[in-house]
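Only one structure is covered here, and it is reproduced in the block below.
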Amino acid sequence: MSRLKDRLNKIRTPYIGIDPRRCEACWRCIDACPKQVIGKVGFLWHKHIVIQKGDACSGCTKCIQACPYGVFSKL
């Protein structure tokens, strides 16, 4: 159960959810987030975003507005 919770914490906060498969690694959401909630996963051929500080998310939805690929959804 702990492993599942760890995975969920990387793809959602209390306010937003992400679909990393849709991410094109433009990093606009990272620049738009005032609380630095979003981070990068950057392997050689595998780049996308991840939630790093989910508890810091205030639900401002600036990430949703900045993303042209529909990665984010409101919860």
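The values are calculated or read from the model by the stated rules, or taken from the named source; none is laboratory data. Not measured: the values here are computed from a predicted model. Positions of Cβ are backbone-derived with ideal geometry, glycine not excepted, and every protein chain shown enters the neighbour counts.
Can you pull out every residue in segment 11-46 that is under 16 Å from C57 (Cβ atoms) and among the small types (G, A, S)?
Residues satisfying the conditions are G17, A32, G39.
Mind listing whichever residues of segment 1-59 are among the basic types (K, R) and in contact (Cβ under 8 Å) with a residue 12 or more places away in the chain?
Answer for segment 1-59, where residues must be among the basic types (K, R) and in contact (Cβ under 8 Å) with a residue 12 or more places away in the chain: K10, R12, R21, R22, R28, K35, K40, K47, K53.
Being closer than 18 Å to Y69 by Cβ and exposed (fewer than 12 other Cβ atoms within 10 Å of the Cβ) is the filter here, so list the residues in segment 3-24 that pass it.
If the condition is that a residue be closer than 18 Å to Y69 by Cβ and exposed (fewer than 12 other Cβ atoms within 10 Å of the Cβ), then R21 is the only one that fits.
Would you tally the residues in segment 28-72 being surrounded by fewer than 17 Cβ atoms within 10 Å (Cβ to Cβ), in a loop (DSSP other than H, G, I, E, B), modelled with pLDDT of 95 or more and of a type in the set (A, V, I, L, M, F, W, C)?
Adding up the residues that qualify gives 1.
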